[in-house]
Structure formats: C-alpha cells, structure tokens
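Comments concern the structure below.
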Amino acid sequence: MPAADELQKQKLYAADVAAIMQVRAMGTVPKAFVRTYGCQQNVADGEKIKGMLAEMGFDFTDDENEADFILFNTCAIREHAEDRVYGNIGALKNVKRRHPSVLIAVCGCMMEQERVAERIRTTFPFVNIVFGTHVIHRLPEMMYTAVTDSKRVFLRGHESKEIVEGLPVRRDGNSRAWVTVMYGCDNFCSYCIVPYVRGREKSRHPDAIVEECRALIAEGYKEITLLGQNVNSYGKGLPEKINFSELLRRIDAIDGDYRLRFMTSHPKDATRELFDTIAESRHICHYIHLPCQSGNSRVLKEMNRRYDREKYLELIRYAKEKMPDLSITSDIIVGFPGETYEEFCDTLSLIREVEFTSLFTFIFSSRPGTKAAEMDDPVSYKEKTKWFSELLKVQEEIAASRCAKMVGSSERVLVEERNEKNGLLCGRTESSIIVEFPGGDELIGAFCDVRITEARNWILRGEKIG
Ligand code: 5AD
Ligand code: SF4
C-alpha cells in the first residue's frame, strides 16, 4: 500500500481507538505512560509514538500506576540495556494485577530480534502488543486489534523501501528538536546489532527535511539535531543526487536564530567538504560527534570500521585546521574481542592526541548474531573494567583541563532546564559543554550570554552577562 494511503488508513483506526478508549476510561481522558530507552533515534521514534497516541485521545503520565496504556520503546545495543528492559517489563506484572484493563506494549530495536520477541511471548503473557521498528506507523491499527479482539498482537519486520512521511509528532521539549534524515545502517561494524534491527539505509526526501526544519524554526525551536545512524552517507538511493553537506547547506540557508547539529558521523564517510560546510555555515555548531571506537588499526580492521588510526587523525587535523575551536566527541569500545592491553593503550594515546570534549565509553558487549559474537574473547570482564577505569581517568583529566581553559571566556548558552539539585539554570554551549548559572525561569528555552567563572571538572559555572 502506498505510504499516503497507509497513513490515511491509520488515521481512521486512530479515530476508532479514541472512541473506544474514551468509553473504557469512563468519560475521563485515557492516560499513556511511554518510556524510551537508548539513543536519540529511539527518542525521535518515541515522539512519533506519542504523536499517534495523542491522536488516539491519550494524555500522558509519568506514573505507570495511573496509566491506561503503558509502552516501553526498547534498545538492543548492549546486553545491559536489554536486561534492564526485561526487569522493567517483569515489574509490570504487579501493575497489571492491580489494574487488569491496562494495555501493555513493547516496541523498538529489541523486538526486531526473534529470540527476544519469543521470550516476551512465553515469559510475559500480560504484554498485549509487541512491534518492531519498521511498523511504528501502524500503532493505531495494532491498538484497534488489541482493544476489539482482546488477542495479543505481534507485528515485526516488513521493512519497506518507502518512508512514511507525515506522522504526527509530540515533541518532548519546545526549544530543542530532533529531525531524522535517514533510517537504518549498511555498515555492519562487526560488534553492532543496529544493521540487523534497523535494516538498510533509507534517506528521507530533502524537501521533507528542509520543510520540517523550516516549520520548527518558525515555531521558535532554537536547536535542531539531524539524526541518522550514519548521516554522512545521506542521499544514497534518492532520485536526486544530493549528499549530506548539500542537505546541511539547504537547511542552513533558512533564516532565524537557531543552532544546527547532527549525529552520528562515521569517520569513513566524513569528507573535507563536510568540515568546509560547517566552517562556512551560519547556524551549524562547531561541534562533531565522530566515533573512533578504537585508536588501534588492527582492532579497527576487526571491527570492520573501514578507516585506520592514521586516516582518523588526518581527518581531525584537517577539521581543526579549518576550525580551531571545533569541539569533538566520540564513542569508544573497550575490550573488543582479542584486543590486547598494548592495543588499548593506542586508544589512550589517540584520545590524548585529539583532546575530545567528552567521550561515550562502553565495555564490549557480545550481541548474538553479530560477527564479533563469534570471535575469541580471552580477556576477562574484570580486566576490561580496569582498562575502562583507566580510560575514564585519562578522559576526565583532558575534559577538566579543556574546561579550565574556558574560565574567563563568554559563551552563548541555550538554557534547557533548572537543575533541581542546586537550583541553577542549566544549558549547553555550542561545543556541547554543560554550563550552570543563576537566573529566572523566563530564560529557559532561550539563548543567553554567560561569563564562565568556574570549571567543576567537565561542568562549567558562570553568570549571565547583562
Ligand atoms: N558493545 C559495546 N558497545 C557497543 N556499541 C555498539 N555496539 C556495541 C557493543 N556490542 C557502542 C558503539 C556505538 C555506540 C552507539 O554504542 O560505540 O558507537
Ligand atoms: Fe552500528 Fe557501525 Fe552502523 Fe554505527 S555505523 S549503527 S556502530 S553498524
């Protein structure tokens, strides 16, 4: 069915579900509890799910016990993430006992794995709906089946070439917005489950992306983050010849007071043109998340990353030449199967050389079905945790010394919220460093110039200028 017709069909289901839920909630507004685990892509999916739920007449709650509908949007990237989800689903048994009419749904990357869906089917009979990442837009239909048929619904797979545009979105904030530019990943890094659960790369049409950004800026959003597992390969398979740099230039041409960010960039596809585009733009932050994963070329080869240490460092050199103020963050995996301590030390030397603003660090987690899961992994978990602590310590020193150098400077901060613990406003610089400072609620969601007065490790403190 063409995507536009499918969307129309789902709107009809949504209207029916709204009517049924209203009756079930006995005149009150039905409430949904939605919890998203994992990456920003999942957060963006969660916002679409909430958009559809709002269309089905739901209001939202943070309390599972007062919800008529509970949904967990899951992440499969590491075993620990999966275990947390199983624990939390198990705990819903009591909620269901107290409130038998509550509908429970589980979706997201975990559900695209056969073994997981099977475990939900057999171990958690109180889960009503299970669906994967390719069929999110069919939530109204699944809800309709669950409420009218009282059968369990399992809907997974069905990857289609077409992207369903025009789903309603209920955004979590009103100053920062996520815009997906591409779905899926074709890279098959040997440790990673994403290509198996999110499917092949598919780019959205550039006009749809530019229009979504234009509308967000007109609504007053101050920061847009473009999302994709590998944004630098944006454009593959589209009828129009366009690459990611060109897409960035088209969005940057929109007038307004806003920031543009993007993630994630794969070093193998990051071009000089990309850095030139950032440097020459009006709105793109001088910031890039460029995961290196390891600083050792043999390990990178085993990871199937398709660049080596030298190529990565060469990219960084070019980028810093172009933008001396460029802020770079990265993902690192410690203890990839077969990695030796000497090879791990190459990661330490790389992070010292690059001086990342911050790092997202992970101990290797074996994902069934990936190539790395079959590799010999002789180093114990305990030993890996020692390496991991060493890495954190080195990075803490780097981040603290970078932050200390910022004391005395003034920074433009997009204020996000109030830190409930210390009562200070909290926001981020263009380089994505957290800044806290005293101020009134009216500043939340706005840009504010702040003089940096103190560095507390990797968090800055300051005072508002003017
Ligand atoms: N084990 C540990 N970390 C992983 N990542 C992806 N797969 C795994 C895994 N199996 C990390 C990578 C990636 C980030 C999103 O998660 O560093 O960039
Ligand atoms: Fe996973 Fe590699 Fe794709 Fe990133 S680029 S999602 S690490 S396979």
| request: Might you let me know whether the range 398-412 holds any residue that is basic (Lys, Arg), within 16 Å of ligand 2 (Cβ to nearest atom) and either more than 26 Å from Ile217 (Cα to Cα) or open to solvent by less than 40 Å² (accessible area, probe 1.4 Å) (or both)? | output: no
| task | Count, please, the residues in the range 143-195 that happen to be part of a strand (DSSP E or B) and more than 16 Å from ligand 2 (Cβ to nearest atom). | result | 7
| field | Selection from the range 239-263 of residues that are touching a residue at least 40 places away in the same chain (Cβ under 8 Å) and either assigned to a loop (DSSP other than H, G, I, E, B) or not assigned by TED's automatic domain parsing to the domain that holds Gly184 (or both) | value | Ile254, Asp257, Tyr258
| message | Checking His266 against (1) in contact with a Lys or Arg (Cβ under 9 Å, 6 or more places away or on another chain); (2) open to solvent by 20 Å² or more (accessible area, probe 1.4 Å): exactly one of these is not met. Which one? | response | (2)
| query | Conditions: (1) within 11 Å of ligand 1 (Cβ to nearest atom); (2) part of a helix (DSSP H, G or I); (3) touching a residue at least 60 places away in the same chain (Cβ under 8 Å). Lys384 meets all but one. Number of the miss? | reply | (3)
| request: Scan the range 303-325 and give yes if some residue there is touching a residue at least 40 places away in the same chain (Cβ under 8 Å), more than 16 Å from ligand 2 (Cβ to nearest atom), surrounded by fewer than 20 Cβ atoms within 10 Å (Cβ to Cβ) and among the small types (Gly, Ala, Ser), otherwise no. | output: no
| Odd one out for Val194 among (1) within 16 Å of ligand 1 (Cβ to nearest atom); (2) out of contact with any helix residue (DSSP H, G or I) (no Cβ under 9 Å at 6 or more places or on another chain); (3) not acidic (Asp, Glu) | (2)
| query | What are the pairs, 6+ residues apart or on separate chains, where a residue within the range 396-407 that is β-branched (Val, Ile, Thr) has its Cβ under 7 Å from a residue that is surrounded by 17 or more Cβ atoms within 10 Å (Cβ to Cβ)? | reply | Ile398/Ile351; Ile398/Phe356; Val407/Ile452; Val407/Ala455
| task | Answer yes or no as to whether Val23 is at pLDDT 95 or above, open to solvent by 30 Å² or more (accessible area, probe 1.4 Å) and of a type in the set (A, V, I, L, M). | result | no
| said: Test of understanding: among Arg412, Arg418, Arg461, Arg451, which residue is touching a Gly at 6+ places or on another chain (Cβ under 7 Å), more than 30 Å from Met303 (Cα to Cα) and among the basic types (Lys, Arg)? | reply: Arg451
| said: Quick check on my filter: what residues within the range 366-397 are within 16 Å of ligand 2 (Cβ to nearest atom) and of a type in the set (Lys, Arg)? | reply: Arg367, Lys371
| task | Determine whether Arg402 is modelled with pLDDT of 95 or more and of a type outside the set (Val, Ile, Thr). | result | no
| Is one or more of the residues making up the range 204-221 more than 30 Å from Thr429 (Cα to Cα) and not assigned by TED's automatic domain parsing to the domain that holds Ala372? | yes
| query | Just a yes or no: is a residue in the range 9-23 farther than 22 Å from Gly184 by Cβ, in a helix (DSSP H, G or I), under 24 Å from the mean Cα position of the chain (by Cα) and in the same structural domain as Ala146 (by TED's automatic domain parsing)? | reply | no
| said: Is it the case, given these coordinates, that Gly235 is on the phi > 0 side of the Ramachandran plot and either surrounded by fewer than 16 Cβ atoms within 10 Å (Cβ to Cβ) or within 16 Å of ligand 1 (Cβ to nearest atom) (or both)? | reply: no
| query | Which of the residues belonging to the range 197-217 are closer than 30 Å to Thr370 by Cα and part of a helix (DSSP H, G or I)? | reply | Val197, Arg198
| request: Output yes when any residue across the range 60-78 is closer than 30 Å to Tyr381 by Cβ, assigned to a helix (DSSP H, G or I) and charged (D, E, K, R), and no when none is. | output: no
| task | Just name the residue that is least open to solvent (accessible area, probe 1.4 Å) out of those in the range 54-68 that are touching a helix residue (DSSP H, G or I) at 6+ places or on another chain (Cβ under 8 Å) and more than 7 Å from Ala32 (Cα to Cα). | result | Met56
| Out of the residues in the range 182-224 that are of a type in the set (Lys, Arg) and closer than 22 Å to Leu155 by Cβ, which is surrounded by the fewest Cβ atoms within 10 Å (Cβ to Cβ)? | Arg200
| message | Condition check: open to solvent by 40 Å² or more (accessible area, probe 1.4 Å), farther than 16 Å from His289 by Cβ, outside the structural domain of Ile254 (by TED's automatic domain parsing) and not hydroxyl-bearing (Ser, Thr, Tyr). Does Gly166 satisfy that? | response | yes
| Candidate set: the range 335-365, residues that are within 11 Å of Ser294 (Cβ to Cβ) and within 15 Å of ligand 2 (Cβ to nearest atom); chosen: the one surrounded by the most Cβ atoms within 10 Å (Cβ to Cβ) | Phe336
| query | When Arg119 is evaluated against the numbered criteria (1) at pLDDT below 95; (2) open to solvent by 30 Å² or more (accessible area, probe 1.4 Å), which criterion, by number, is the only one it fails? | reply | (1)
| remark: Exception for Leu391 within (1) surrounded by fewer than 15 Cβ atoms within 10 Å (Cβ to Cβ); (2) over 15 Å from Arg461 (Cα atoms) falls at (1)
| said: Among (1) in a helix (DSSP H, G or I); (2) basic (Lys, Arg); (3) closer than 22 Å to Arg198 by Cβ, there is one condition Lys236 misses while meeting the rest; what is its number? | reply: (1)
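The values are calculated or read from the model by the stated rules, or taken from the named source; none is laboratory data. Not measured: the values here are computed from a predicted model. When we count neighbours, we look across all protein chains shown, and the Cβ atoms used for this are built from the backbone with ideal geometry, even at glycine. For the accessible areas, the whole protein counts, side chains as well, though only heavy atoms, and no ligand, DNA or RNA atoms are used. Shrake-Rupley method; radii C 1.70, N 1.55, O 1.52, S 1.80 Å.
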